[in-house]
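Nothing in this text is a laboratory measurement; each read-out follows from the coordinates by a stated rule. Since we're looking at a predicted model, the values are computed, not measured. FYI the Cβ positions are ideal-geometry reconstructions off the backbone, even for glycines, and counts take in every protein chain you see.
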Amino acid sequence: MTKLQEMTGLDASRTLLEEMGFEHAQHLVAELMEQAVKDNASYSDFLEKVLRREREYREERRIRTSLKLSGLPQGKTLESFDFTFQRSVNKKEIELLSTCEYAKRKENVLLLGPPGVGKSHLAAALGVRAVQNGFSVSWLTADDLLFRLRRDEENPSRRNRRRKYLSSGVLVIDELGFQVLDRSDAHMLFKVVSARYERSSTIITSNKSIREWPEMLAGDEALTTAILDRLLHHCHVVHVDGSSYRLWEMEQRTMPALRKEE
């Protein structure tokens with residue numbers, strides 16, 4: 001005897017939801033219907049709740065996927081940044097940047113200061129907020145960016161492909177300034193900055209002050225002026241000073257051991 005397939009009165013609805021691409025709602029329809037009965041909700045309220053839950057699921061999935069593709073370091077959010085330790089940072093200024101109006105207006109952000117003060121953390125956190133607000137984001141260290149630029153220069157077929165460092169709504173370039181660029185690398189950086197000028201936003205962290213950039217960029221004053229002219233025309237410059245957070249953390253870890261030795 002053939003066993004009858006077990007079905008409920010909601011299976012047809014689940015099938016239709018699945019066929020229409022409602023991946024999440026199909027699994028919630030029974031739960032939401034039961035809640036609607038308890039709340040004596042109207043048909044429109046029930047339908048709105050189904051649609052809202054599906055939209056929330058899709059948005060969470062979009063953010064997870066976009067963060068993964070962006071290359072942003074994990075765990076670097078504004079909520080996890082210690083503003084009480086790094087008092088040189090204007091929290092109000094960072095909160096304003098976190099609205100992503102700068103990205104909407106195709107403006108740039110420069111985070112300048114010595115190593116270890118939190119520039120990369122803030123840049124990553126702004127990148128996360130940009131993803132959450134619907135902007136495409138790419139995170140690259142300066143070395144990684146230059147490696148890709150050299151590779152694309154050497155391989156003409158690659159140059160015709162869509163490159164994320166040009167197409168992303170927000171490009172984050174981390175650690176610019178730890179190495180002096182030769183003229184070729186400096187010129188390739190100029191081409192990236194020029195291509196993105198007033199078309200998309202670029203966030204750069206650097207341990208070099210603006211006056212030190214000519215030395216960093218192969219000693220070429222004219223090229224440095226051309227790069228800074230485009231970066232600073234529509235730009236938010238954030239100076240982050242103070243002590244190194246990494247050194248402070250290391251001191252906190254070693255202090256108990258030193259006290260025990262005493």
(request) Among LEU176, LEU166, LEU217, flag the residue with its Cα farthest along the positive direction of the charge dipole of the stretch 115-229, charges on Cβ as +1 for Lys/Arg and -1 for Asp/Glu. (result) LEU166
(message) Can you work out the Karplus-derived ³J(HN,Hα) for every residue in the stretch 85-95? Use 6.51 cos²θ - 1.76 cosθ + 1.60 with θ = phi - 60°, whole Hz, and x for glycine or proline.
(response) 7, 9, 6, 6, 7, 7, 4, 5, 5, 5, 4
(message) Name the residue from ASN40, ALA25, LEU69 whose Cα lies farthest towards the positive end of the charge dipole of the stretch 11-69, charges +1 on Cβ of Lys and Arg and -1 on Cβ of Asp and Glu.
(response) LEU69
(message) Give me the dipole magnitude in Debye, nearest 20, for the chain about the Cα centre, with unit charges on the beta carbon: positive for Lys and Arg, negative for Asp and Glu.
(response) 560 debye
(request) Using Cα pairs closer than 8 Å and at least 6 residues apart in sequence, work out the relative contact order for the chain, in percent. (result) 23 percent
(request) Springs between alpha-carbon atoms under 10 Å, Gaussian network over the chain: tell me which of LEU145, LEU110, LEU96 tops the mean-square fluctuations. (result) LEU96
(message) Using the crude model of +1 on Lys and Arg Cβ and -1 on Asp and Glu Cβ, and no other charge, please compute the dipole size for the stretch 26-152 relative to its Cα centre, in debye to 20.
(response) 500 debye
(request) Identify, among ASN133, PHE85, ALA123, the residue whose Cα sits farthest towards the positive end of the charge dipole of the stretch 73-164, taking +1 on the Cβ of Lys and Arg and -1 on the Cβ of Asp and Glu, with the dipole about the Cα centre. (result) ASN133
(message) Skipping prolines and chain starts, which residues have an amide H placed within reach, meaning under 5 Å, of the one on ILE203, given they are 5 or more residues away or on another chain?
(response) VAL109, LEU171, VAL172, ILE173
(message) Can you tell me the length gained on complete extension of the stretch THR225 to LYS92, counting 0.36 nm per residue apart and subtracting the Cα distance?
(response) 44.9 nm
(message) For a 25 Å ceiling on Cα separation, which of these pairs sit above it: LYS92/LYS164; LYS92/LYS119; LYS68/LYS164; LYS92/LYS191; LYS68/LYS104; LYS76/LYS208?
(response) LYS92/LYS164; LYS92/LYS191
(request) Give the cross-link partners of LYS49 among the lysines, using a straight C-alpha distance below 22 Å as the criterion and excluding same-chain residues fewer than 8 apart. (result) LYS38
(message) Within 14 Å, Cβ to Cβ, of LEU16, how many net charges do the neighbouring residues add up to if Lys/Arg are +1 and Asp/Glu are -1?
(response) -4
